[in-house]
Amino acid sequence: MSRSIAVLTSGMDFNQTSLAVLAAAALLAGAPFVASQTPAPSNPPSIMERLDAMTGGGKSAWTRQQLSTMEHLREAAMKDPYALDELRHLTCNIGPRLSGSAQAQAAVDYVAGEMRSLGAEVTLEKAMVPHWVRGVERAEIVNWPGQTPGTTQKVVLTALGGSVATPADGITADVVVVDNWQQLRALPPGAVTGKILLFNHRFDKELAAQGDGLNAYVGGVVYRGAGPIAAASAGAVAVLVRSVGGADFRLPHTGMTEYAPGVPKIPAAAVTAEDAELLKDLTSQGPVKLHLTLTPQAMPDAQSYNVVADWKGTEHPEQVVVVSGHLDSWDLGTGAIDDGAGVVVSMQAIHLLKELGIHPRRTVRFVAWMSEEEGSEGAAAYMIDHKEEFADHSGAIESDLGADHPVGIYYAGKSELGQWLRPVAEVLDSIGAGTLVSAPETGEDIAGLTEKGVPSFAPVQDSRFYFNYHHTAADTFDKVDPKHLNENAAVMTVLAYALADSAEPSPR
Ligand SMILES: [Zn+2]
C-alpha cells in the first residue's frame, strides 16, 4: 500500500480520506489533482492499485494496521517521560561514565536492571576496556613578548584521552604554532625539536551553522587523533591541539588521541579556541615559553560490559534488530548529549513495546555499548561474540549525534532501502523527521555491522549546536530539550518496530 494512507486516515471519514489520499498521491507523482464530479468509469482500479501505480508500483512492506501501530508508537514516544527520566538518572545521579570507572559499572548495572524490569532478556556481554584516569591539567605561559615581570598567563586546557603524563612538576618549553599539516611540513628541520607544538586548526563554524556539524568535526578531529604522532615525529616534547568544537566560551574539548609504535609517546592536551588564538598571536611576536603539567594515568584494562536486552520476536526470534547508543562518556561533563541521550531513546523503544503490548515478528535488541569513546572495545567484542549471526541481523540503529531535533533517518546499505523506508518516513513526517538520507556509515559502534552488510540506520539530528558542548564540561542534562529527546525516541522506536515487524527483512 502507499506511503500516505496511514497518516492521512487518522481522524477522517472514508470520503475525506480517499480525496486526501489521491491528492497526496497525485502530488507525489507530480500530477495535478482535481476533485472531479464526473462518475467513475466501470471496473475502476481500486484505490490501492491506483496509489501503487502513482507511486511507482512499489508495495509497502507494512500493512495499514502496522502503519497505525507506528503512529501509536510515535504519539506515545512524544508524550512519555521515560526517556527523560532515565537520562536524568544516568547523568545527574550516576554522573560521568568514563570507560573502566566505577560510574560506568554503576550505569551497566542500572540499565541492565531497568531492562530486566521491562521483561527483556538481559545479558551482560564482557569487553576489556581502557581505564584511563585524568589527573592534574594545568598550563601557564611563563615568557612572552611584552610580559610584565613576575607574571604568568593561564592557558585553559584538558588532557586528551589516553594521553601520557608530564613529570609531576611539569615541563617548560617554547611553543611552536602551526595551523595545519602543510605548515608543519614547511618548517625547517629541527624547528620543533624539544618544543611544544600547537595544532591550531579552526573548527569550521560556518559548515556547522549550515547543519553539517559532523563534517566540521571530522575536519578537525584528525589533528586531535594524529597530532601526537606527527608532533613527536618532528621532535616535539608535548603537543597541544586546538579544541575541536564550535563554541567560544573558553571550554576545552577532550577526546581520544593516538600513539604509534616506534614513535615517542608525548603528553597531549586540547586548549580552548581562545587560548589557541592567544598562543598564535604571541608566538607571531616572539618567543613564548609554556609550563605544562598533565598527570593522567593509564590503569590496567578493566573488565566491563555491553548491556544487551532482547525483546524477543514472536515469529523469528533469531532475527535481530539492534537499537543502540553508547553508555560510556567522557569525564568532564555528565555525558548527556554524548551519549546518554542515545542510550535512553533506545531504552524507550523497549519500554514502549512493553507499554503498548507490542511483540514484533523479530527480536528488538537494545544494546548499550561500552567504551565507544576510547576505542569501541564493546563493539569489537560484539563483532567477535556474534560473528555467526550477522546474516540474521535484519538491521542496526545507533543514535550518537546528540539529542537535538531529528529531521529524518540516515540509512547505509542497499540503495533500495530509501524507497523501502518511505512509509516509515511518512509516519515520522508529522514530527518533522521524514527525510531519508543515504550515508556511508551510521554510527561508530555499528560500523562493523554495516561493513558485514547489515542495513544500518541513525537519526539525522540537527548538528548545529552539538559540537558546542561535545566532550566538554558543559555536556550536561540541562542541554537536552525534552521535546527533541522525545522526537528522537519516536524515530528510534518507530524505526525499530518497522524493521522488526516487516513481512520480509529489510533489503540487503
Ligand atoms: Zn558519542
Study note, to complete from the structure: When the range 260-278 is checked residue by residue, the ones that are surrounded by fewer than 23 Cβ atoms within 10 Å (Cβ to Cβ) and either in contact with an Asp or Glu (Cβ under 6 Å, 6 or more places away or on another chain) or more than 22 Å from Pro189 (Cα to Cα) (or both) are Pro261, Glu274, Glu277, Leu278
Study note, to complete from the structure: Those residues of the range 80-108 that are of a type in the set (Val, Ile, Thr) and either more than 20 Å from Glu372 (Cα to Cα) or out of contact with any strand residue (DSSP E or B) (no Cβ under 9 Å at 6 or more places or on another chain) (or both) come to a total of 2
**Study point:** the range 374-385 - residue that is buried (at least 19 other Cβ atoms within 10 Å of the Cβ) and among the small types (Gly, Ala, Ser) and, of those, farthest from the ligand (Cβ to nearest atom)
**Key:** Ala381
Revision key, fill the gap. In the range 165-193, anything more than 13 Å from Leu292 (Cβ to Cβ) and part of a loop (DSSP other than H, G, I, E, B) is listed as Asp179, Asn180, Leu187, Pro188, Pro189, Gly190, Ala191, Val192, Thr193
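One line per residue, one yes/no per condition, for (1) more than 30 Å from Leu160 (Cα to Cα); (2) among the aliphatic types (A, V, I, L, M); (3) touching a strand residue (DSSP E or B) at 6+ places or on another chain (Cβ under 6 Å):
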site	(1), (2), (3)
Ser304	no, no, yes
Pro317	yes, no, yes
Val323	no, yes, yes
Ala341	no, yes, no
Leu352	yes, yes, no
Met383	no, yes, no
Revision key, fill the gap. Subset of the range 391-435, residues crowded, with 24+ Cβ neighbours inside 10 Å and among the charged types (D, E, K, R), comes to Glu398
**Study point:** Answer residue from the range 117-163, given it is free of Cβ contacts under 8 Å to residues at least 60 places away in the same chain and of a type outside the set (S, T, N, Q) and is nearest to Leu353 (Cα to Cα) among those
**Key:** Lys154
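Results for (1) within 16 Å of the ligand (Cβ to nearest atom); (2) in a loop (DSSP other than H, G, I, E, B), shown as yes or no for each residue.
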{"position": "Pro287", "(1), (2)": "no, yes"}
{"position": "Leu292", "(1), (2)": "no, no"}
{"position": "Ala298", "(1), (2)": "no, no"}
{"position": "Asn306", "(1), (2)": "yes, no"}
{"position": "Val320", "(1), (2)": "no, no"}
{"position": "Lys354", "(1), (2)": "no, no"}
{"position": "Pro360", "(1), (2)": "no, yes"}
{"position": "Val367", "(1), (2)": "yes, no"}
{"position": "Glu372", "(1), (2)": "yes, yes"}
Review point. Out of the range 342-373, which residues are surrounded by fewer than 24 Cβ atoms within 10 Å (Cβ to Cβ) and charged (D, E, K, R)?
Key: Lys354, Glu355, Arg361
Review point. Just one of the numbered conditions (1) within 16 Å of the ligand (Cβ to nearest atom); (2) more than 24 Å from Asp481 (Cβ to Cβ) is not true of Ser399; which one?
Key: (2)
Exercise for review: Check the range 230-238 and report whether any residue there is surrounded by fewer than 18 Cβ atoms within 10 Å (Cβ to Cβ), farther than 18 Å from Glu140 by Cα and at pLDDT 95 or above.
Suggested key: yes
Exercise for review: Output yes when any residue across the range 407-422 is touching a helix residue (DSSP H, G or I) at 6+ places or on another chain (Cβ under 8 Å), touching a residue at least 24 places away in the same chain (Cβ under 8 Å), within 16 Å of the ligand (Cβ to nearest atom) and among the β-branched types (Val, Ile, Thr), and no when none is.
Suggested key: no
Review point. Of (1) under 24 Å from Arg365 (Cβ atoms); (2) without any contact (Cβ under 8 Å) to a residue 60 or more places away in the chain, Asn93 satisfies all except one. Which?
Key: (1)
Study note, to complete from the structure: Of the residues in the range 436-459, those that are surrounded by 24 or more Cβ atoms within 10 Å (Cβ to Cβ) and within 23 Å of Asp328 (Cα to Cα) number 9
Point to revise | Per-region count, the range 253-271, residues over 21 Å from the mean Cα position of the chain (by Cα), part of a loop (DSSP other than H, G, I, E, B) and in contact (Cβ under 8 Å) with a residue 24 or more places away in the chain | key: 7
Check your understanding: Restricting attention to the range 322-352, and to residues there that are hydroxyl-bearing (Ser, Thr, Tyr) and more than 18 Å from Gly100 (Cβ to Cβ), which single residue is nearest to the ligand (Cβ to nearest atom)?
Key -> Ser324
Practice item. Look at Glu388 and say whether it is touching a strand residue (DSSP E or B) at 6+ places or on another chain (Cβ under 7 Å) and surrounded by fewer than 23 Cβ atoms within 10 Å (Cβ to Cβ). Key: no
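The values are calculated or read from the model by the stated rules, or taken from the named source; none is laboratory data. These numbers were taken from a predicted model, which means no experiment stands behind them. So basically every Cβ, Gly included, is an ideal-geometry build from the backbone, and we count neighbours across all protein chains shown.
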